[in-house]
Amino acid sequence: MNPNGVNHSTPYPPPPTSNRAQPVQYTPHQSPQHSPMYQNGLNEPATYPPQGPTYQQGPVAGAAVGVPVQQNQYQMQVQAQAGTQGWNSGLFDCMNDPTNALITACVPCVTFGQIAEIVDNGQTTCSTSGLLYRLIATIIGIPCIMSCTYRTKLRGRFGLTVSPAPDWITHFFCEPCALCQEYRELQARGIDPSLGNHACT
């Protein structure tokens with residue numbers, strides 16, 4: 001205190017006090033540069049919506065890596081049946097083999113039995129297949145439900161196209177012509193159906 005009774009240790013007038021908030025002091029684990037919430041290191045995201053931390057998923061234990069997916073068996077069968085080779089004769093070229101055309105017109109079960117024995121590689125005989133064909137024709141009158149399946153087998157064996165229509169339609173409307181065409185197809189490939197499965201050996 002000076003002789004005039006004024007205390008000069010405190011300035012007068014006193015400096016105004018600041019109302020601004022003091023900066024927040026972060027501890028090392030609370031530093032915004034090391035925040036685990038966001039990749040940009042800030043407590044508030046720079047973009048909207050905020051991007052959280054990303055995680056890289058490793059390979060699943062026991063899972064095969066680099067192994068191609070096995071193709072569906074049904075798709076493989078469809079691809080095998082949908083061949084690319086054409087038939088050696090047309091559906092209505094029955095007179096290319098008049099003898100077979102006459103036999104098929106009178107007793108189609110014989111021609112079918114000969115075809116079935118070749119297609120089945122001798123697992124069923126001509127007489128067995130012909131008898132079944134005859135029974136179906138006698139009981140329900142539509143033997144094409146059996147014969148069309150052998151046309152499908154024949155196409156799958158030699159990679160023939162679906163021509164001129166799906167197998168069941170071809171046999172339903174043109175049963176004798178379809179049998180003659182399949183018989184001629186085997187002959188064109190060096191197989192004589194009249195000799196049975198022995199013609200393939």
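The values are calculated or read from the model by the stated rules, or taken from the named source; none is laboratory data. Keep in mind the model is a prediction, meaning the values are calculated, not measured. Positions of Cβ are backbone-derived with ideal geometry, glycine not excepted, and every protein chain shown enters the neighbour counts. Quick note on the areas: whole protein, heavy atoms, side chains included, nothing else; ligands and nucleic acids left out. Shrake-Rupley method; radii C 1.70, N 1.55, O 1.52, S 1.80 Å.
The heavy atoms of PHE173 present about 150 square angstrom of accessible area, all protein chains included, probe 1.4 Å. Using a ≥ b ≥ c from the Cα gyration tensor of segment 89-201 (square roots of the eigenvalues), is it rounded, prolate or oblate, where a/c under 1.5 gives rounded and otherwise the larger of a/b and b/c decides, a/b for prolate? Rounded shape, in that the Cα axes give a/c under 1.5. Please give me the summed charge of the neighbours of ALA165: other residues whose Cβ is under 14 Å from its Cβ, Lys and Arg +1, Asp and Glu -1. That works out to 0.
Each of THR138 and PHE158 was given a label point 7 Å from its Cα along the Cα-to-Cβ line. The distance between the two points is 3.2 nm. What a 1.4 Å probe finds exposed on segment 133-201 is 65% carbon and sulfur by accessible area, rounded to a whole percent.
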